[in-house]
1. Using a basic spin-label model with each label point 7 Å from the Cα along Cα→Cβ, how many nm lie between residue 178 and residue 23?
2. To the nearest 0.05, how large is the calculated FRET efficiency for residue 138 and residue 14 if R₀ is 51 Å and r is the Cβ-Cβ distance?
3. I'd like the Kirkwood hydrodynamic radius of the chain, using the inverse of the mean 1/r over distinct C-alpha pairs, in Å.
4. Take each uninterrupted DSSP H stretch in the chain, measure its Cα extent along the helix axis, and return the ones at 15 Å or beyond whose mean Kyte-Doolittle hydropathy is at least -0.5.
5. If amide H atoms are built 1.01 Å from N in the plane of the peptide, which residues on other chains or at least 5 residues away come under 5 Å of the amide H of residue 73?
6. How many percent of all Cα-Cα pairs in the range 36-115 sit more than 20 Å apart?
7. Which of the peptides 173-183, 99-109 is most tightly packed, and how do the rest follow, judged by the mean count of other Cβ atoms within 10 Å per residue?
8. Hey, what's the Kirkwood Rh for the range 94-162 if you take every pair of different alpha carbons, in angstrom?
Amino acid sequence: MSDGLRAEGLTLTYGNSAVALSNVTIDVPAGKVVAILGANGAGKTSLVRALTGQHGFYGARIAGSVSYAGREIGGLDPPAIARAGIVQVPEGRKLFASLSVRENLLCGAASQRGRSRKQIESGIDEVLAIFPLLRERMRSSAGFLSGGEQQMVAIGRALMARPKVLLCDELSLGLAPLAIRDIYGTLAHLNGESGLSLVVIEQNAHQALRMAHYAYVLEVGMIVAQGPAHELMNSDDVERYYLGGSEAV
């Protein structure tokens, strides 16, 4: 029985014939970092939707199972999956631009029922300890922040939901190299210090492989390569065909 997040035999179909995922199986052991790699159209977004229960919003049909710590969660709705501890940092950050940083962080606590004001404030303090720069931005509208600052807010909002597994979808998209380095450094610290499990969905393959323990490569909805991250990083075939040579994809 898996002690972490497991998807087994996932097949996701849009409409009558568009197969986005075909018999995909992945394991995310507790406390590990797993990278999901692939170019645009490989099926990464569909996999995230399946893991978080969002596929139904897009009219997709699903077969297979998704479980956490041996408990089937594939039939739950997105809020229930979030309460189970599977929380997403969405591609493009998806902040509420007109709300303040503080208000965006408070939105992250909404999925956790029964938390006291003191517990919520403690959660905000924890986020500010991780991202001290946000302390000066708490009253600022999220839409006026830099891309790197917005990504901090998006991660902080997810952390407010007390995740056990954090799904990080294309974190490097649109960010400067320095901001990418800082964000990934923070995630590595969270994994190392608190044992937070991470699923890193990326086109920036080399960045993801540098911090991951294990990786899967998706192509046209199927797993075409998998293994320890350091082995995939050094695999000539994977480098040539799936990671785009010396360039990240």
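Any read-out appearing in this document is the output of simple, stated calculations on the displayed coordinates, not a laboratory observation. Owing to the predicted nature of the structure, the values given are computational and were not obtained by experimental measurement. Glycine gets a Cβ as well: all are built from the backbone with ideal geometry, and neighbour counts include every protein chain shown.
1. In this crude spin-label approximation the distance works out to 4.9 nm.
2. The formula returns an efficiency of 0.80 here.
3. Numbers: mean 1/r = 0.0544 Å⁻¹.
Result for the chain stands at 18.4 Å.
4. 117-130, 147-159, 177-194
5. Correct list: 66, 67, 68.
6. 43 percent
7. Ranked by mean Cβ neighbours within 10 Å, highest first: 99-109, 173-183.
8. About 11.7 Å for the range 94-162.
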